[in-house]
1. Could you list, in sequence order, the residues of region 14-57 that are at positive phi and modelled with pLDDT of 95 or more?
2. Taking strands (runs of 3 or more DSSP E) that fall entirely within the chain, which contain at least 1 residues that are open to solvent by less than 60 Å² (accessible area, probe 1.4 Å), touching a residue at least 12 places away in the same chain (Cβ under 8 Å) and of a type in the set (D, E, K, R)?
Amino acid sequence: MKARVTVTLKSGILDPQGKAIEGALKSLGVEGIASVRQGKVFDIELSGSDKAGAEAALKAAADKLLANTVIENYRVEVLG
C-alpha cells in the first residue's frame, strides 16, 4: 500500500525559503507569481492492507517526527 504525507507551514508563519524561491522565479522571468510557500512530501510504502490502521500510524508518525505541529500542518493520503 502506498501513502503520501504532505507537510506545509501554517498560515501566518514566515517562509523565507518560499520567498527566496518566489524571487528566483521572478528573476527567471516566470510571470504571474503572487507568492510561493514551500513544504515537504513523504511518499511511503506500507505492508498490509488496513487503510484505517495505516492512516492512524502515519498520523502518529507525522505528529512525532515528520511535522513540527507547532508551525506545520500535515495531510495524510492513503493511496491504496
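1. GLY29, GLY32
2. It comes to 72-78.
The values are calculated or read from the model by the stated rules, or taken from the named source; none is laboratory data. Note that the coordinates shown come from a computational prediction; the quantities given were computed from them, not determined experimentally. Neighbour counts run over all protein chains shown; Cβ positions are idealised from the backbone, glycine included. Side chains are part of the model used for accessible areas, which takes the heavy atoms of the whole protein and leaves out ligands, DNA and RNA. Shrake-Rupley method; radii C 1.70, N 1.55, O 1.52, S 1.80 Å.
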